[in-house]
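Asker: Before anything else, here's the structure in question.
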Amino acid sequence: MNIKQELEPGSLEGQLTRFWELSGQKIRLITDQHNDAKGSPVFTVNGGYTTRGWTEWTEGFRIGNSILQYDATNEADFLKIGEEETVECMASHVSHVGVHDHGFNNISTYGNLRRLMLEGRIKHDQGKLEFYELALKVSGAVQANRWTSHQDGGFIHSFNGPHSLFVDTIRSCRILSLSHRLGHVLMGEGDKPINLLGRMVEHARSTARYSIYYGEGRDCYDVRGRTAHEALFNTTDGAFRCPNSQQGFSGFTTWTRGLAWAMLGFAEELEFLKTCPDVELAPLGGREEIECFMQKAAQATCDFYLENSASDGIPYWDTGAPNLHKLGDDYLSLPADPFNPHEPVDSSAAAIACQGLVRLGRYLGGGDGDRYTQAGLTVLRTLLDEPYLSSDPEHQGLLLHSVYHRPNGWDHIPAGQTIPCGESSMWGDYHVREAALLVQRLAREEPYLTFFGCLPA
């Protein structure tokens, strides 16, 4: 990747103005045209959002998009959409025991609304404030209850079952951090209180140990920073068995959206740990040990991303995809080509990753920190322009060239093309908005955007 060293957050202000104009148009288009009775919009086919009703894991992103739009532009009609639809649509997601997506759905809605109220951006309403707080508390406890113990600790298991640790969940488990800080605990069998911060840390430790590779010790055969989408465990004795992948090419290649989830998830939790007193962290391994393994994981994954993305910062969907060699020996030294005939790019991975890079950069500060920050800005600059930013007034998606599930063949291949391209996903659209809002706030010296901004000061 070719990092633009001269970039600062203010360098993107012009692009951001156009971005939010297009963003508002897309939200209104979906609001007017999508039939909610058919389920939550997930990805586009020929420019129109369609559904895949299995976990409805994108509902919070759909509603959260309106809240972010209000945050960025102060357009009150978007706040009205976000408030009303959070009440109407999100209750089932708070109590959903069958998914690992609580930190996606409920922070994007209840969390963002509570944050805006605490920032004074929404009129104070004590009843609503407590309503949002209760939702976050319960959501964190429900998420933490999806627990599998193994020989070295435990993890929040995926919807595949108790044997399955997904790398994705490192970002979703931030809901445990919020619930804990709001004073909540998970009550287990025999009225046993279970520390939610402890479960977040233990899940993060398992992810760092089994989903990320470091090219040393047990991983000496592997490449530093590579991630596995899924880690499999023997649920009888708790032993780790092997890496696997659901949405990537294989357990021994890197599905780049999973890589991006790790980049952002660890960077965010490092930011959160700064707010935790030492006395809270001491029984969990202590600040030094916890921050050490999280920073190691964050830097390894971010470095891998920089080494394995195209020159403009956009990754192909999997770094081991079988036809990448057909792009030529120098394909990473060139801008990514979303219209190539061999392997698709994944702009949604880039949208998630650029935020992780900026956050890690700000966390580290100094030389290394500046490098990560400017890398994140480089990626975002690419996403805020064609061919990734959708300016077609008929296309409901905002960020083009997203990939959902290549192995299952869920992604639309347009006529005349041999690979998926030209389509959007709800998580890609949400995360490019979130990254844009983060950078806009940095440029304007407004309050720094965090998931824990919904906590009292």
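Since every read-out is calculated from the coordinates, none of them should be taken as a lab result. Being a predicted model, the structure only gives us computed values, none of them experimental. Neighbour counts are summed over all protein chains in view; Cβ atoms, including those assigned to glycine, are modelled from backbone coordinates with ideal geometry.
Asker: Using Cα-Cα distances under 8 Å and only pairs 6 or more residues apart, what relative contact order does the chain have, in percent?
Answerer: With pairs under 8 Å counted, the relative contact order is 19 percent.
Asker: Under 5 Å between amide H atoms, partner at least 5 residues away or on a different chain: which partners does Y49 have, H built in plane at 1.01 Å?
Answerer: Residues meeting the amide H criterion: Q396.
Asker: Given a cut-off of 28 Å, name the pairs among K80/K137; K26/K80; K137/K192 whose C-alpha atoms lie farther apart than that in the structure shown.
Answerer: From the list (K80/K137; K26/K80; K137/K192), the Cα-Cα distance tops 28 Å for no pair.
Asker: Just to confirm my numbers, what's the Cα centroid distance between the range 264-310 and the range 12-32 in Å?
Answerer: 33 Å
Asker: What shape does the range 82-139 take by its C-alpha gyration tensor, where a ≥ b ≥ c are the square roots of the eigenvalues and a/c under 1.5 counts as rounded, a/b above b/c as prolate, and the rest as oblate?
Answerer: prolate
Asker: If packing is taken as the average count of other Cβ atoms within 10 Å, what order do 358-371, 248-261 fall into, highest mean first?
Answerer: 248-261, 358-371
Asker: If Lys and Arg each add +1 and Asp and Glu each add -1, what is the summed charge of the other residues whose beta carbon sits under 11 Å from the beta carbon of G258?
Answerer: -1
Asker: Whole angstrom only: what separates the Cα centroid of the range 416-457 from the Cα centroid of the range 103-122?
Answerer: 14 Å
Asker: Please report, to one decimal in angstroms, the Kirkwood hydrodynamic radius of the chain built from all distinct Cα-Cα pairs.
Answerer: Value: 21.9 Å, from the Cα pair sum.
Asker: Take Y316, Y213 and order them by how many other Cβ atoms sit within 10 Å, fewest up front.
Answerer: Arranged by neighbour count, lowest to highest, Y316, Y213 become Y213, Y316.
Asker: Another one. Counting alpha carbon pairs within less than 8 Å and at least 6 residues apart, what relative contact order, in whole percent, applies to the range 28-111?
Answerer: Numbers: 85 pairs, mean separation 21.8, N = 84.
This gives 26 percent for the range 28-111.
Asker: Here is a follow-up. Any idea which of T450, G320, G366 is furthest toward the positive side of the dipole for the chain, if Lys and Arg beta-carbons carry +1 and Asp and Glu beta-carbons -1?
Answerer: Farthest towards the positive end: T450.
Asker: In addition: I need the phi-derived Karplus couplings for the range 173-178: 6.51 cos²θ - 1.76 cosθ + 1.60, θ = phi - 60°, integer Hz, Gly and Pro marked x.
Answerer: For the range 173-178, the Karplus-derived couplings read 6, 4, 5, 5, 4, 5 Hz, x marking Gly and Pro.
Asker: GluC sites (Glu not before Pro), restricted to the range 413-456: which are DSSP loop and have at most 10 other Cβ atoms within 10 Å?
Answerer: Within the range 413-456, the qualifying GluC sites (Glu not before Pro) (loop, at most 10 other Cβ atoms within 10 Å) are E445.
Asker: Turning to a different aspect of this structure: Quote the charge dipole size of the chain about the Cα centre in Debye, to the nearest 20; the model charges only the Cβ of Lys and Arg (+1) and of Asp and Glu (-1). Spell out each step's value before the answer.
Answerer: Values: 39 positive and 59 negative charges, 128 e Å.
Here the size comes out at about 620 debye.
Asker: Reachable lysines from K296, Cα under 29 Å, same-chain residues fewer than 8 places away excluded?
Answerer: Counting by Cα, and skipping residues close in sequence, K296 has these lysines nearby: K4, K274.
Asker: Using a Cα-Cα cut-off of under 14 Å, which aspartates and glutamates could be cross-linked to K123, ignoring same-chain neighbours fewer than 8 residues away?
Answerer: Once the sequence-local aspartates and glutamates are set aside, what remains near K123 is D71, E83.
Asker: Principal axis extents for the range 1-120, Cα atoms only, whole Å, descending order, please.
Answerer: The Cα atoms of the range 1-120 stretch 46, 40, 31 Å along the principal axes, largest first.
Asker: Same structure again: Quick one: putting +1 on the C-beta of Lys and Arg, -1 on the C-beta of Asp and Glu, what dipole do you get for the range 1-88 around its Cα centre, in Debye to the nearest 20?
Answerer: So the dipole magnitude of the range 1-88 works out to roughly 420 debye.
Asker: Now, a different point. Please give every one of the aspartates and glutamates within straight-line cross-link reach of K326, meaning a C-alpha to C-alpha distance under 12 Å, and leave out same-chain neighbours fewer than 8 residues apart.
Answerer: Qualifying aspartates and glutamates at Cα under 12 Å: E343.
Asker: Are there any GluC sites (Glu not before Pro) in the range 16-60 that are in a DSSP loop and have at most 14 other Cβ atoms within 10 Å? List them by number.
Answerer: For GluC sites (Glu not before Pro) across the range 16-60 that sit outside H, G, I, E and B with at most 14 neighbouring Cβ atoms in 10 Å, the list is empty.
Asker: Follow-up question, since we're still on this one. Go through A260, P414, L165 and say which Cα lies farthest out towards the positive end of the charge dipole of the range 9-454; charges sit on Cβ, +1 for Lys and Arg, -1 for Asp and Glu.
Answerer: L165
Asker: Would you please put 220-227, 35-42, 327-334 in order of how densely packed they are, using the mean number of other Cβ atoms within 10 angstrom per residue and starting with the highest?
Answerer: Details: 220-227: 17.9, 35-42: 15.9, 327-334: 13.4.
Descending packing order for the listed peptides: 220-227, 35-42, 327-334.
Asker: Could you give me the ³J(HN,Hα) list for the range 295-309, computed from phi with Karplus coefficients 6.51, -1.76, 1.60 and θ = phi - 60°, whole Hz, x at Gly and Pro?
Answerer: 5, 4, 5, 4, 5, 4, 5, 5, 5, 4, 4, 4, 7, 10, 10
Asker: Taking loop as defined by DSSP and a crowding limit of 11 other beta carbons within 10 Å, which GluC sites (Glu not before Pro) in the range 193-243 fit?
Answerer: Those satisfying the criteria are E216.
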